[in-house]
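A short worksheet on the structure shown next.
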Amino acid sequence: MLPIVPIQQALLAWYGRQGRDLPWRHTRDPYAILVAEIMLQQTQVERVIPKYHAFLVAFPTFAALAAAPTEAVIRAWSGLGYNQRAVRLQAVARVVVAEHDGRMPATLAGLLALPGIGRYTAGALACFALGQAVATVDTNIRRVLVRVCIGELSAQAAACAKPAAALALAEAALPAEPDQAYAWNQALMDLGAMVCLARAPACDRCPLTAHCRTFAQLQARTLFPTGAELPALRVAEAPAGYATKPRVAKPSQPFKESNRYFRGRVVAALRAAPAGAALALDEIGPQLKPDYSAADADWLRTIVAGLARDGLAAWADAAQTRVTLPR
Ligand code: SF4
């Protein structure tokens, strides 16, 4: 591990100058930060910002979210994708209200006991909402820490693909003082999102070049190239050879034929219906496939059954011919 204090100082100074001004960085309200963290899990910041504000207007507290019809929560999630997060978020709110008197648990263990809350989100909540010096590891944080502290071209870098190893690295690098820990975690995310990009790290505008092991490795290879490694050296370009493992193109199903695509389309059809309305499978089917026919009914019923299991839809009749959003 490198001496970490100079790295912390350089990154925190950069964050003070260039960190993103994001709305959830202006609050320590645990509820608002939870909403932001869940929205940010699979959606880009720019898309999250307007939805974050609207969601907090519609459901301003744990109690308001817990008491809302699930249908309304799923409607409010429109535009964010991965709708199951809306149901999970409401499940957390209901546990917080029912079991914690409407207040977020104040320990990492308590946060991890909430439904669907993993180590990343629990760590983010402990640090960003509860003001604790707790490490957390998302994709950006891990990438930056591995590149700076270990060197992405080192044999040891691959070990940090394991969550426990990445978390140990993040814990070793974390400032002890809570405000600095907050800024450090946010700064790592910003550097990973804005500068130390996965496929094309912009080392030429990075505040950590003087400390970064990957940068030094790449510089050394530039100075002493060995033919076969040459494509990996041009850091400013999209470095095809930069990844430590070769990229192998996998044959994949087109998204518009995927189960996730059709699940999203069913939820979109239900959202477009008036509140409380039920739609027949025969009404939903043609919205998914222009050539939908009775022969597709079992296929559609299977998709709806999956949504019902996940709390994103509900059968309106015992014969399973009509569907609603869950109430
Ligand atoms: S110097 Fe390059 S590889 Fe190292 S942290 Fe900065 S952008 Fe990433």
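The values are calculated or read from the model by the stated rules, or taken from the named source; none is laboratory data. Quick caveat, the model's predicted, so the values are computed rather than measured. Backbone-built Cβ (ideal geometry, glycine too); neighbour counts: all protein chains shown.
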So, in segment 1-58, exactly how many residues are outside any helix (DSSP H, G or I) and of a type in the set (Lys, Arg)? 2
Return the only residue of Gln18, Gln42 being closer than 25 Å to Ile141 by Cα, in contact (Cβ under 8 Å) with a residue 40 or more places away in the chain and in the same structural domain as Pro115 (by TED's automatic domain parsing). Gln42
Scanning segment 307-326 for residues that are exposed (fewer than 15 other Cβ atoms within 10 Å of the Cβ) and outside any loop (DSSP other than H, G, I, E, B) gives Arg309
Can you tell me which residues in segment 183-214 are without any contact (Cβ under 8 Å) to a residue 60 or more places away in the chain and surrounded by fewer than 21 Cβ atoms within 10 Å (Cβ to Cβ)? Val195, Leu197, Ala198, Arg199, Ala200, Ala202, Cys203, Asp204, Arg205, Thr209
So Ala173, is it at pLDDT 95 or above, buried (at least 19 other Cβ atoms within 10 Å of the Cβ) and within 19 Å of the chain's Cα centre (by Cα): no
For segment 203-230 the number of residues that are at pLDDT 95 or above and outside any helix (DSSP H, G or I) is 7
Among the numbered criteria (1) touching a helix residue (DSSP H, G or I) at 6+ places or on another chain (Cβ under 6 Å); (2) at pLDDT 95 or above, which one does Glu152 miss? (2)
For segment 113-195, which fully contained helices (runs of 4 or more DSSP H) count at least 3 residues that are within 12 Å of the ligand (Cβ to nearest atom) and of a type outside the set (Val, Ile, Thr)? 139-145, 178-194
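This table checks each residue for (1) modelled with pLDDT of 95 or more; (2) of a type in the set (S, T, N, Q); (3) under 33 Å from the mean Cα position of the chain (by Cα).
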| residue | (1), (2), (3) |
| --- | --- |
| Leu288 | no, no, yes |
| Tyr292 | no, no, no |
| Ile303 | yes, no, yes |
| Trp315 | yes, no, yes |
| Thr321 | no, yes, no |
